[in-house]
Structure formats: C-alpha cells, structure tokens
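What follows is one structure encoded as structure tokens, with my remarks underneath.
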Amino acid sequence: MDYPNLKDLKRENNNYINLNPLQTAGKLTEPAKKALIEFGDGYSICDFCNGVLDEIEKPPIKTFTKDILPKFLGCDTVRITNGAREGMFLIMHALTNPKDTILIDDNAHYSCILAAERCKLNIIKVPNSKCPIDAIDVTQYEPYIKKHKPKLIFLTYPEGNYGNLPDAKKLGTIAKKHNIPYAINCAYSIGRMPVNMKELGADFVVASGHKSMSASGPIGLIGINKKYEEKVLERSKDYPNKVIECLGCTSRGATIATLMASFPEVEQRVKNWDNELKKAQWFAHELEKLNFILIGQNPHRHDLMYFKTDILYEISKKHKRKGYFLYRELKKRGIIGIKPGHTKSFKLSTYSIPKEDLKKVISAFKEIIDDNKKLL
Ligand SMILES: *Cc1c(COP(=O)(O)O)cnc(C)c1O
C-alpha cells in the first residue's frame, strides 16, 4: 500500500488562470495564507476560550461575529457554521418538525435538498417556468404558500448552475405578507456582491466561506433576524452556554482564522461589485461573438455563467482526443477550470480574474476554434 506523501499532495494549479466557479472567490488572500499557517494546529483558536466560540476575544472572534459581520450582512445576529449546507440544515432543523412542508426553488443546490431530507421534511419545489432556463419567478411562491402552508421557504441567490439572480426582495414582501420564515442561500453571493438581509426582507441568510469569502474551509455563516434568534439558537439544558444546533462550537481552528484574515479584502471587493459585473458582461459578450450561447439571464447579473458551445462539440466529434481536446488545448495555454471532457456546454466564473487574463481566455477559444476549422 502506498501511503500518501508530500509529493502526492501537491496541487499543480499554480500560475494557471482558473475559471472554475468553485475556485474564483475562494482563493486565499495573502493575510489568510499567513493565518492558515499560524492557526494550523488543531484547536488553535481555543487557547483563550471560556466555552463559547463567539465570545473568544483572542483572536478577536467576538467583535468579528457580533459587530463586524452583522453590520456587513444587515442582520441582527451571526453564527459561524461549517459551510452553507450546515447553515441550511441548522435553520431547517431548528424551525421544523419531521413531515413539515417547506418550499425550495427548483434551481436549489443539491445540499439544500439533502439538508431538508435529513430533517425528514416534505419538500415542495417551486418550478422554474421559463424557457430557456431563467431565474425563478418568485411570484410563483405565492400560490404554493397558499396551497401548502409551508413552515419555511428557501431561495437560492443565485443558483450555482446558471448564475441566475432571482428577485429576492420581492419574495421578502411575499414572505412577510404570509408571515413565513424566509431563508436565502447566498453561497454564491455573500463575499462577492452586496447582500443585505434586512433590505431583502429575509429572516436568514446563509454564506459559504470557502466558496465566496476567500477562506480555507469548510466554513460558512448564517445571518439571523432577532425574531427567530431564540428558537434557532436554543441553549442546552445541561450546558447552558452551548447552542444546541451548533453542537456547541462549529469552527475550531484555522478555518475561522482565514475567514477573519481575508475579511478586510472581501469587504472591499464587495464594494467593487459593479465593476466585477461589468467585466463579466463584457466577457459574455465577447464569447457570444464566437457563437457561444449564454444560458439564463441576459444581460447576466452574476459572474457565474453557463454557455452552450455547439461549435466546440462539433469539433470534439471529429477530434482525435474527442471531448478532451478542449481541456488539453486550454491547459496548454495556461487556462484551467472547465471540466475535462466538457465541450457541449460548461460553466465558468470571471470573479477577480484580471481583464488581461480574460482577454487571454477569449483569444484561446478563438485560436482553438480556428485551429480546428477543418474538422467542422
Ligand atoms: C456551493 C454551494 C453550496 C454548498 O456550499 P458549502 O459551503 O460547501 O456547503 C450550497 N448552495 C449553493 C447554491 C452552492 O453553490
């Protein structure tokens, strides 16, 4: 048996332009890399803990979770989780009983569905009626609310396949009217673009640190409206300072240290969202010139984009490397992040990739098509 050694644990992605949507906003900042080493030991943040994660003052988790993050998210209370899925599970588990009904948009991430299954809930999906695939029309929730009387409603903002951004604020008004707790899954938005829970009229927001906040995961957080705070953050009878749904403490080391270390840069980049979005729209427009088809909202409102690329698929049918030609050709040009074997369609993200690098990506696609013209 070969034991893994350091040689096997190398990543060869350095110096590549990485378009993988999972990676673009999760890359560590320089301060976070230092924090990762500093806090790499197991329970590294627990040296000065009196029993509650959010009360630790050294490192300054207390101000981070009690002052800085609630202000950043426009919510009353924040709790650290081990990821977005854990946050969704926590909310569902605290607010429902088995067999209760909840509404989830049809574009939801699989982990949202699994969280509901783990809670043994009756899941009703609010359909996506538009064709081609577009953002959920949130007014569709209302008839479902009337019919099913759900205990909780979830919206994915944006969803992780096409990057469609639904009208979360409008759903906030609908949720308020029917007095139903409303949670928004912001795994792909918090840390990339401005999200304000109160402005959206939500009761919960869920974030993913490793996806969108330049943290070494797994880590996430939830923002909570005080109306639900007591119920969601119920304390143990035996251990009165421990929150049951968090199993006492969630992050216990390097993950929260990296989240905190990256936060100043994350806060700044969120302010730059308009430019980030303009860059994404420009990029999509350039790819449309190559006859790639942008699926979903157009003009797009997020850096995560899904393209249908028939021309590359046609090439792949005749190319000696079949569907793998694209991955190989891109990699030769210093570009990764589109899944090996995909040519018919793929998703990518432009987040925090400099325009100069995106120009290289556009040229690479052009060249790859030109070089293979004879196969068409
Ligand atoms: C990635 C993703 C998740 C899962 O995030 P974790 O923090 O890894 O649990 C959930 N929802 C959406 C929409 C995602 O894109």
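The values are calculated or read from the model by the stated rules, or taken from the named source; none is laboratory data. Note that this is a predicted model, so its numbers are computed, not measured. With ideal geometry, Cβ positions are generated from the backbone for all residues, glycine too; neighbour counts draw on all protein chains shown. We work out accessible area using only protein heavy atoms, side chains counted, and drop any ligands, DNA or RNA first. Shrake-Rupley method; radii C 1.70, N 1.55, O 1.52, S 1.80 Å.
General observations
- Test: residue in the range 146-156 that is among the β-branched types (Val, Ile, Thr) and within 16 Å of the ligand (Cβ to nearest atom): yes
Residues checked against (1) open to solvent by less than 20 Å² (accessible area, probe 1.4 Å); (2) touching a residue at least 60 places away in the same chain (Cβ under 8 Å); (3) outside the structural domain of Gly74 (by TED's automatic domain parsing):
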site: Asn122; (1), (2), (3): no, no, no
site: Asp134; (1), (2), (3): no, yes, no
site: Phe154; (1), (2), (3): yes, yes, no
site: Ala168; (1), (2), (3): yes, no, no
site: Ala187; (1), (2), (3): yes, yes, no
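- Among the candidates Leu36, Leu28, Leu19, residue that is under 22 Å from the mean Cα position of the chain (by Cα), away from the ligand (no atom under 16 Å from the Cβ) and in contact (Cβ under 8 Å) with a residue 40 or more places away in the chain: Leu36
- Every residue from the range 175-222 that is under 17 Å from Cys75 (Cα atoms), in contact with a Pro (Cβ under 9 Å, 6 or more places away or on another chain) and of a type in the set (D, E, K, R): Asp203
- Checked against (1) exposed (fewer than 10 other Cβ atoms within 10 Å of the Cβ); (2) of a type outside the set (D, E, K, R); (3) in a helix (DSSP H, G or I), Ala32 passes all but a single condition, namely (1).
- Exclusive hit being of a type outside the set (S, T, N, Q), open to solvent by less than 20 Å² (accessible area, probe 1.4 Å) and either within 16 Å of the ligand (Cβ to nearest atom) or touching an Asp or Glu at 6+ places or on another chain (Cβ under 6 Å) (or both), set Gly209, Gly217, Gly253: Gly209
- Condition check for Asp137: in contact with an Asp or Glu (Cβ under 9 Å, 6 or more places away or on another chain), within 23 Å of Arg85 (Cβ to Cβ) and acidic (Asp, Glu): no
- Here the condition is being surrounded by fewer than 14 Cβ atoms within 10 Å (Cβ to Cβ) and in contact with a helix residue (DSSP H, G or I) (Cβ under 7 Å, 6 or more places away or on another chain); of Glu234, Glu245, it holds for Glu234 alone.
- Checked against (1) within 30 Å of Phe346 (Cβ to Cβ); (2) open to solvent by less than 20 Å² (accessible area, probe 1.4 Å); (3) within 14 Å of the ligand (Cβ to nearest atom), Val126 passes all but a single condition, namely (3).
- Scanning the range 136-152 for residues that are in contact with a Pro (Cβ under 9 Å, 6 or more places away or on another chain), open to solvent by 40 Å² or more (accessible area, probe 1.4 Å) and under 29 Å from Phe307 (Cβ atoms) turns up Asp137, Gln140.
- Test: residue in the range 86-98 that is more than 16 Å from the ligand (Cβ to nearest atom), more than 23 Å from Leu233 (Cα to Cα) and open to solvent by 40 Å² or more (accessible area, probe 1.4 Å): no
- Selection of the range 69-85 for residues being open to solvent by 20 Å² or more (accessible area, probe 1.4 Å), more than 16 Å from the ligand (Cβ to nearest atom) and out of contact with any helix residue (DSSP H, G or I) (no Cβ under 6 Å at 6 or more places or on another chain) yields Lys71, Phe72.
- Going through (1) within 27 Å of Ser214 (Cα to Cα); (2) of a type in the set (A, V, I, L, M, F, W, C); (3) over 26 Å from the mean Cα position of the chain (by Cα) one by one, Met305 falls short only on (3).
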